[in-house]
Amino acid sequence: MSHGFYERLGEMTIEIRDASPNHCVFVLSNVDRSVPNALRRVLISETPTMAFDFVEIQENDSVLNDEFIAHRLGLVPLLSSNVSHFKYAHECDCDGECDKCRVEFELNVRCTTDEPLDVTSSDLRNLSAPLAMGLTVRPAVGRDCPNEDEQEPIVLCRLGKGQSLKFRATARKGIGKEHAKFQPVSVATFYAEPVVRIDPEIHDQLNFEQKETVEQSCPSLVFKTDSTTEMLEIEDMDRCTRCMECVATAKSIDAPGLIKID
């Protein structure tokens, strides 16, 4: 890349518009579109996390076969704030069989009532030793989850009376490039915000009725007119959806170039 590209990165600004434990919206300014797209791709495919990578089914009387349950288990998100302290299985000297590169879980559920029983992510039990690093890994929704009161645990299967499900599962470190189950985000998107401009010279040649016509042509209410100053102003540029109705209306009143949208 050219030196000019890196110089422009130094001019980049970030504005956080909304942030919560599970959602974030921010604005990058003064950068090329390749920068937010690269960030999006890194979030999806290059950020390491923990996910279930191996399942040993010991008993399964449910209507779902072993492969189906293993697939559903692999897509259960895991909280792994200390993932940087774990090693990748292919980098560990133990060939992927020690506490530095894996975390063992167990599930053992039997339905003993006439009512169907849901087997959920809350039924997973971490088998790590006391004070071990593996205890920091747990299902994102379920027992001991910070937002457990807001979200229900993930259902793995449903058992009838007399049915049971028992297995051991191994969680390992990975990235989304290897498999979708390692993706730390469900959605990561970006779009270029529109920049709406009003040409002042053409604007001053219009009467107030024409300005009102342009204002009313916008279905997203981007513009507003001031009856005192008889000015057409931009009220909220972020509302623009690039429908181009204002541009078409400006042309219809013989004022092409009045509105420019980049």
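The values are calculated or read from the model by the stated rules, or taken from the named source; none is laboratory data. Keep in mind that what you see is a predicted model, and the values were worked out from it rather than measured. Virtual Cβ from ideal backbone geometry, glycine too; neighbours counted across all protein chains shown. All accessible areas refer to the heavy atoms of the entire protein, side chains included, with ligands and DNA or RNA removed. Shrake-Rupley method; radii C 1.70, N 1.55, O 1.52, S 1.80 Å.
Summary of computed values
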| item | result |
| --- | --- |
| Residues satisfying the stated conditions in the stretch 211-248, i.e. part of a strand (DSSP E or B) and either surrounded by fewer than 19 Cβ atoms within 10 Å (Cβ to Cβ) or in contact with a Lys or Arg (Cβ under 8 Å, 6 or more places away or on another chain) (or both) | LYS224, THR225, ASP226, MET231, LEU232, GLU233, ILE234 |
| Residue that is farthest from THR225 (Cα to Cα) [pool: residues in the stretch 175-201 that are in contact (Cβ under 8 Å) with a residue 40 or more places away in the chain, assigned to a loop (DSSP other than H, G, I, E, B) and open to solvent by 80 Å² or more (accessible area, probe 1.4 Å)] | HIS179 |
| Where a residue in the stretch 109-122 is open to solvent by 70 Å² or more (accessible area, probe 1.4 Å) and its partner, wherever it lies, is assigned to a strand (DSSP E or B), with Cβ under 7 Å and at least six apart | ARG110/SER164; PRO116/ARG158; PRO116/LEU159 |
| Helices (runs of 4 or more DSSP H) contained in the stretch 1-101 and holding at least 1 residues at pLDDT below 90 | 3-9, 34-45 |
| Residue check, VAL185 of a type outside the set (Phe, Trp, Tyr), closer than 30 Å to ASN82 by Cβ and modelled with pLDDT under 90 | yes |
| Matching entry among SER20, SER34 (being within 16 Å of ALA188 (Cα to Cα) and over 16 Å from the mean Cα position of the chain (by Cα)) | SER34 |
| Candidates ARG168, ARG102, ARG172, ARG138, filtered to the one that is within 23 Å of PHE86 (Cβ to Cβ), buried (at least 19 other Cβ atoms within 10 Å of the Cβ) and more than 22 Å from the chain's Cα centre (by Cα) | ARG102 |
| The stretch 224-262, subset more than 40 Å from the chain's Cα centre (by Cα) and charged (D, E, K, R), residue nearest to ILE202 (Cα to Cα) | ASP254 |
| Identity of the residue in the stretch 48-87, open to solvent by less than 40 Å² (accessible area, probe 1.4 Å), within 27 Å of the chain's Cα centre (by Cα) and among the hydroxyl-bearing types (Ser, Thr, Tyr), that ends up farthest from VAL141 (Cα to Cα) | THR49 |
| Restricting the stretch 249-262 to residues that are open to solvent by 50 Å² or more (accessible area, probe 1.4 Å) and outside any loop (DSSP other than H, G, I, E, B), the residue that is farthest from GLU209 (Cα to Cα) | LYS260 |
